[in-house]
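A.B. asks: This is the structure, below, for whatever I ask next.
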Amino acid sequence: AVAVPARLGPLVVPRLPRVGCVYADGTHWWWIVPSGSDDALPWPAPARYSPGAPLPGTARLIHRPEGTVPYTPPIPLYLALCRVTGTTPEWSRPLSA
């Protein structure tokens, strides 16, 4: 799951082509993403990728996808989070030798 502060959740949703399962409590939203969604993706702070993350007992499902796939695609989520946090995507940064 990718956890983000609750204040960012509503800013991310309209930027996504498809939203999977999203859980929330008063402080965070958890976006369910496929396993390995941290491969070559340094999630922008304050987002946190947590493989196999147990959700707190206070979290409730706030979005269920229309189809049968529970995941939010990680690349669009990453780009949306970069946009709302003002972070340049990792592959757009200059390389250093």
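A.B. asks: If you place +1 on the Cβ of every Lys and Arg and -1 on the Cβ of every Asp and Glu, how big does the dipole about the Cα centre of the chain come out, in debye to the nearest 20?
C.D. replies: 240 debye
A.B. asks: Taking the simple approach of a point 7 Å from Cα along Cα-to-Cβ for both R15 and R64, what is their distance in nm?
C.D. replies: 2.8 nm
A.B. asks: For the chain, how big is the tail of P(r) above 18 Å, as a whole percent of Cα pairs?
C.D. replies: Roughly 42 percent, once rounded to a whole number.
A.B. asks: Right, another one. HN-Hα J couplings of region 60-69 from phi, Karplus 6.51/-1.76/1.60, θ = phi - 60°, integer Hz, Gly and Pro as x?
C.D. replies: Listing the rounded values in order: 10, 5, 10, 8, 10, x, 5, x, 9, 8 Hz.
A.B. asks: Could you give the radius of gyration (one decimal) and Dmax (whole number) of the Cα atoms in region 41-95, in Å?
C.D. replies: Reported Rg and Dmax, both Å: 13.8, 42.
Quick note: the coordinates plus some simple rules give every number you see, no bench work behind them. Given the structure is predicted, the values throughout are model-derived calculations rather than measurements. In this analysis, Cβ positions are derived from the backbone assuming ideal geometry, glycine residues included, and neighbour counts consider all displayed protein chains.
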